[in-house]
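Any read-out appearing in this document is the output of simple, stated calculations on the displayed coordinates, not a laboratory observation. From a predicted model like this one, the values you see are computed outputs, not experimental measurements. A quick note on method: Cβ atoms are made from the backbone with ideal geometry, for glycine too, and the neighbour counts reach across all protein chains shown.
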Amino acid sequence: MPTSLQRHNNMAAIHSKDTKPEMVVRRYLWSHGFRYRLNHSRLPGKPDIVLRKYRTCIFVNGCFWHGHNVAITETTADAVIDNSECCKIPKSNRSFWLKKICRNQERDREVQQKLAMMGWHCVTVWECQLSPKQREQTLASLAYTLNGIYLDDHTVSHYIIPDDDGLMVAEDDATDYNK
Ligand SMILES: [Zn+2]
């Protein structure tokens with residue numbers, strides 16, 4: 001029988017190796033200098049990760065619960081829905097699952113619309129994009145996206161309105177040209 005201390009150490013080891021998708025994203029961001037807050041309760045949808053400096057909310061979504069790449073057009077028990085690679089809707093209790101996942105999809109859209117209206121950017125990272133094979137590329141493009149957002153938000157747009165003199169010169173040139 002393991003002692004309670006051994007049990008405690010085992011639990012701690014399991015905990016520190018947490019490979020939950022959200023932890024994968026958090027560890028990457030932290031180690032690349034991105035600072036964030038978690039589950040900001042004042043923002044719609046309590047986003048998983050909030051980067052204030054980038055005015056960005058990151059949602060790390062489970063493919064099944066959030067219906068990744070599944071378009072739910074009807075929610076009846078005999079509804080014909082194309083499953084995606086990562087979201088397969090069970091045959092039994094079909095109507096229940098369809099309604100549940102459809103509701104989640106709708107809520108995700110509403111939350112993102114609200115955040116956008118408040119001037120926040122939203123990035124969704126899907127669980128399947130964090131598989132060992134895809135992880136590296138997904139995280140690299142997340143960092144790329146964040147840096148792009150920051151640059152866009154901090155770029156000063158400079159417009160030049162041509163003055164009257166400029167327009168006159170252009171007209172003069174045109175008349176000269178016709179001579
Ligand atoms: Zn997926």
The answer for trypsin sites (Lys or Arg not before Pro) in the stretch 79-121 that fall in a DSSP coil and have at most 10 neighbouring Cβ atoms within 10 Å is LYS91
What residues have an amide H closer than 5 Å to that of THR124, excluding those fewer than 5 places away on the same chain, when H is modeled at 1.01 Å from N in the peptide plane?
PHE59
What is the gain in length, in nm to one decimal, between SER84 and ARG55 on full extension, counting 0.36 nm per residue of separation less the C-alpha to C-alpha distance?
7.3 nm
What spacing in nm lies between the two simple spin-label points modelled at ASN93 and HIS154, each 7 Å away from Cα in the Cβ direction?
4.8 nm
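Based on the Cα coordinates of the stretch 13-169, what is the per residue volume of their convex hull in Å³?
Residue-normalised Cα hull volume stands at 202 Å³.
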Looking at the stretch 55-157, which chymotrypsin sites (Phe, Trp or Tyr not before Pro) are in a loop (DSSP not H, G, I, E or B) and have at most 16 other Cβ atoms within 10 Å?
TRP65
Which ³J(HN,Hα) values in Hz, rounded to whole numbers, follow from the phi angles of the stretch 148-162 under the Karplus curve 6.51 cos²θ - 1.76 cosθ + 1.60, where θ = phi - 60° and Gly and Pro get x?
x, 4, 4, 5, 4, 5, 10, 8, 7, 7, 10, 10, 10, 9, x
Hypothetical label at ALA77: residues of the stretch 94-121 whose amide nitrogen lies under 12 Å (7 Å Cα-Cβ projection):
94-96
